[in-house]
Amino acid sequence: MEPRAAAFRAMTQEFPGIPYRAPAHEAASVHLGGHPAAAHSGAAAARAPFLRRVLAFVLDLMLVEFLGSLLGSVAAAARAMVDMGMNPALWEGAQRDATLFTAQMTPLLLFAYFAFFTAYGGRTPGKMMLGLQVIAMDGGAASPWRCVWRTVCYLASVVTWGFGFLLAAGPAGRALHDRLAGTRVVVAPRAPRSPGAAAPGPR
């Protein structure tokens with residue numbers, strides 16, 4: 001904290017009626033998890049266990065598969081009703097075309113899924129369920145563009161026959177796409193309990 005900010009904070013302690021407003025650079029330190037200590041504790045946060053990362057990735061793939069199947073079913077129903085009417089004999093061809101449509105859309109759906117959720121909150125639904133977070137190397141929140149680039153770099157981990165993903169099992173805990181994007185995956189910090197929050201009583 002700068003000397004001027006420290007002096008002003010000391011003055012406001014003597015005069016409680018004057019609110020203290022943190023400087024822009026001090027307020028900007030509030031990144032990860034939405035609480036002040038998170039940005040500084042991110043640098044020392046525990047790296048994500050490899051098996052937990054694998055499980056989170058599998059959960060995400062299952063969710064993408066579900067979304068793809070749902071889109072394919074909607075596409076099949078729409079084509080059958082609009083182009084062919086309600087004749088059940090024509091549904092087989094529509095479902096076959098919908099399966100092809102889903103297969104063609106899967107790469108785009110995967111990219112949109114991982115890029116959106118990682119850029120929006122630093123973690124996909126799979127990482128949310130397992131308490132993981134993507135952060136920048138300085139411990140702060142990864143910018144949206146960095147998260148999108150990280151998603152693009154997944155391709156590098158894929159074309160190396162999966163070796164890029166296995167790098168996350170090493171001492172650094174960073175996969176190839178993390179190294180290329182300047183990110184790492186850590187165990188997400190828990191938001192501190194509000195001092196005024198009462199503990200749940202017995203029922």
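When each of the peptides 68-74, 182-188 is scored by how many other beta carbons lie within 10 Å of its residues on average, the order from highest to lowest is 182-188, 68-74. Note on 143, 157: ascending count of other Cβ atoms within 10 Å places them as 143, 157, the fewest first.
Bear in mind these aren't lab numbers, they're just calculated from the coordinates by the rules spelled out. The shown structure was predicted, so the numbers you read here are calculated from the model rather than taken from an experiment. In this analysis, Cβ positions are derived from the backbone assuming ideal geometry, glycine residues included, and neighbour counts consider all displayed protein chains.
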